[in-house]
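The values are calculated or read from the model by the stated rules, or taken from the named source; none is laboratory data. Because the structure is a prediction, the values reported are computed rather than measured. Cβ atoms come from the backbone with ideal geometry, glycine included; neighbour counts cover every protein chain shown.
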Amino acid sequence: MGTEHGTPQDSRRDRGVFRTKTVEQSIEDTEEPEHALKKTLSVLDLTVFGVGVVIGTGIFVLTGKIAKEQAGPAVALAFVVAGVVCALAALCYAEFASTVPVAGSAYTFSYASLGEFPAWIIGWDLVLELALGCAVVAVGWSGYIRSLLDTAGTQLPDALSGTHDGKFGFDLLACVLVLVLTGILVLGVKLSSRVTAAIVAIKVTVVLLVVVAGAFFLTGSNYEPFIPPSRPNEGSSGLEATLSQLIFGFTPSNFGVMGIFAAAAVVFFAFIGFDIVATAAEETRNPQRDVPRGILGSLAICTILYVAVSIVVTGMQKYTELSTDAPLADAFKELGHPFYAGIISFGAAVGLTSVCMILLLGQSRVFFAMSRDGLLPQFFSRVHPKFGTPYRSTVLLGGIVAVVAGFTSIDELAELVNIGTLFAFVVVAIGVVILRRSRPDLPRAFRTPLVPLVPLLSVLASLWLMLNLPAETWLRFAVWMVVGFAVYFVYGRSHSRLGMRTRANRKG
């Protein structure tokens with residue numbers, strides 16, 4: 001195996017905060033007994049993880065909401081556009097994951113191409129993205145379960161139902177969910193994949209049942225016009241306005257062709273998570289072959305399901321009449337079929353469980369990789385002697401997320417998950433181009449086509465979606481990044497294993 005100082009090219013990059021960690025050294029570190037994760041996952045496991053985290057409540061809610069407010073029946077095209085943006089990023093992720101089959105996803109990829117400080121920033125970004133995503137999903141799951149309990153005639157006390165309408169409370173269900181899933185993740189990634197597979201089988205069955213059942217209630221006139229006429233949208237002002245609106249004075253519009261693209265920026269949230277497949281590369285038996293297949297396969301399946309549900313919901317009921325809270329369930333109720341509405345609520349509640357678990361899995365692996373590199377305390381990079389999981393980082397992060405989900409009303413922070421993911425997409429796409437030039441000798445089981453065109457398109461598409469996010473989201477993101485800068489320069493830079501090796505080599 002090579003080391004950081006193995007080639008003249010590497011030594012040129014071993015400078016300060018932009019020193020790079022070679023792919024060979026990254027792989028070598030995974031073989032250290034106290035840091036070695038068990039390789040138990042197959043391509044089916046990875047595809048299930050991808051589908052499990054992407055298909056959530058959004059498929060039952062977002063489809064109808066965006067159809068009514070922004071795109072009409074053309075919401076199906078908005079999902080296609082968002083899917084294409086994700087596919088561009090997925091092609092870049094697939095090359096990196098097959099070349100650097102190490103836990104950490106975009107963090108590890110950045111360390112090999114852009115350098116230590118950019119890697120730290122993306123790792124810090126991913127920790128926030130996945131933590132908030134998991135907490136938001138846990139709170140949403142809690143809401144579905146309370147609704148089902150209400151239907152059954154049982155209610156939790158307000159004090160244990162979370163913070164709502166300005167009233168402070170503890171969300172017991174959300175907290176317990178996160179703690180239980182944390183325990184399952186500690187017991188082993190294979191067990192986690194089996195639990196996820198069972199959950200995914202249930203929710204995909206529910207989605208297919210809804211699509212097939214809804215197909216019998218389609219009305220052709222509901223699709224007319226397929227692309228409704230454009231309607232100016234005054235938008236928001238101040239920090240609630242999108243960054244593109246503040247910078248360019250661009251006034252967004254609903255419906256029409258531009259409405260489809262505006263809707264794509266919103267429905268992109270529904271695709272978040274497929275990149276988590278890359279965080280499990282180190283625990284995959286044949287990562288060079290299976291990780292690209294898992295990433296691209298899960299994204300293709302999810303896009304097809306989203307488009308199918310979009311077509312059904314806008315065909316069952318005129319888009320102008322759809323409800324915004326539970327459009328698909330309410331459409332079945334309107335047609336006199338409350339049974340299917342109940343199935344949808346059940347599928348959403350079950351589905352959110354797997355979303356929460358896989359977000360926790362991805363977060364713990366990124367944290368583990370950063371800890372193994374010394375950028376965070378190495379105490380958290382020890383794996384369990386029996387289960388082969390990074391149990392210390394899993395327990396720490398699971399506890400923090402459980403507290404956040406239990407005590408905090410975090411709906412307004414959900415868009416931070418969006419901007420964090422898009423930022424990771426940009427970094428990975430740039431990293432593919434850089435590593436192609438700096439290390440053309442590396443074996444690549446999967447190669448992103450048309451480099452540098454595809455990575456460039458991925459960067460531009462991601463930046464465009466980022467510009468469509470509120471300025472307030474950018475501000476919060478900047479604050480988190482500033483905190484990250486401080487943590488790196490106070491702790492990470494001086495404790496970096498790569499930095500220590502570099503300094504030792506210079507002294508030697």
Within the range 83-136, the residues that are small (Gly, Ala, Ser), under 30 Å from THR63 (Cα atoms) and within 15 Å of the chain's Cα centre (by Cα) are GLY83, ALA87, ALA89, ALA90, SER105, ALA106, ALA131, GLY133, ALA135
In the range 454-477, is there at least one residue being surrounded by fewer than 13 Cβ atoms within 10 Å (Cβ to Cβ) and free of Cβ contacts under 8 Å to residues at least 60 places away in the same chain? no
Among all residue pairs at least 6 apart or on different chains, which show Cβ distances below 7 Å where the first residue, located in the range 154-183, is more than 14 Å from GLY143 (Cα to Cα) and surrounded by 11 or more Cβ atoms within 10 Å (Cβ to Cβ) and the second is of a type in the set (S, T, N, Q) and at pLDDT 70 or above? THR182/THR394
Which condition number does VAL189 fail, the rest of (1) β-branched (Val, Ile, Thr); (2) more than 21 Å from GLY58 (Cα to Cα); (3) at pLDDT 85 or above; (4) surrounded by 15 or more Cβ atoms within 10 Å (Cβ to Cβ) being met? (3)
If you go through the range 421-453, how many residues are without any contact (Cβ under 8 Å) to a residue 60 or more places away in the chain, closer than 18 Å to SER98 by Cβ, aliphatic (A, V, I, L, M) and assigned to a helix (DSSP H, G or I)? 1
Only one residue in ILE276, ILE260 is more than 18 Å from SER458 (Cα to Cα) and in a helix (DSSP H, G or I). Which one? ILE260
Restricting to the range 243-270, give me the number of residues that are of a type in the set (Gly, Ala, Ser), under 15 Å from LEU465 (Cβ atoms) and modelled with pLDDT under 80. 4
Of the conditions (1) under 21 Å from TYR340 (Cβ atoms); (2) at pLDDT 85 or above, the single one that TYR144 does not satisfy is (2)
Being surrounded by 20 or more Cβ atoms within 10 Å (Cβ to Cβ), in contact (Cβ under 8 Å) with a residue 24 or more places away in the chain, in contact with a Lys or Arg (Cβ under 7 Å, 6 or more places away or on another chain) and under 21 Å from VAL212 (Cβ atoms) is true for just one of GLY347, GLY315. Which residue is that? GLY347
Hey, THR303 under 25 Å from CYS86 (Cβ atoms) and either outside any helix (DSSP H, G or I) or in contact with a His (Cβ under 8 Å, 6 or more places away or on another chain) (or both) or not: no
Kindly indicate whether VAL404 is at pLDDT 90 or above, part of a helix (DSSP H, G or I) and surrounded by fewer than 24 Cβ atoms within 10 Å (Cβ to Cβ). no
If we scan the range 291-298, do we find a residue that is of a type in the set (S, T, N, Q), at pLDDT 90 or above and under 15 Å from the mean Cα position of the chain (by Cα)? yes
Neighbours by Cβ (under 8 Å, 6+ apart or cross-chain): first from the range 16-27, within 14 Å of TYR107 (Cβ to Cβ); second among the aromatic types (Phe, Trp, Tyr) and buried (at least 21 other Cβ atoms within 10 Å of the Cβ): THR20/TYR111; LYS21/TYR111; SER26/TYR111
Of everything in the range 36-50, what is under 22 Å from SER393 (Cα atoms) and surrounded by fewer than 19 Cβ atoms within 10 Å (Cβ to Cβ)? Give them in sequence order. ALA36, LYS38, LYS39, THR40
Could you figure out which of (1) surrounded by fewer than 24 Cβ atoms within 10 Å (Cβ to Cβ); (2) part of a helix (DSSP H, G or I) isn't true of THR324? (2)
Can you tell me how many residues within the range 131-162 are hydrophobic (A, V, I, L, M, F, W, C), out of contact with any Ser or Thr (no Cβ under 9 Å at 6 or more places or on another chain) and part of a helix (DSSP H, G or I)? 9
Picking from PHE379, PHE339, PHE368, the residue that is in a helix (DSSP H, G or I) and under 23 Å from the mean Cα position of the chain (by Cα) would be PHE368
Subset of the range 351-390 [on the phi < 0 side of the Ramachandran plot and surrounded by fewer than 19 Cβ atoms within 10 Å (Cβ to Cβ)]: PRO377, GLN378, PHE379, ARG382, HIS384, PRO385, LYS386, PHE387
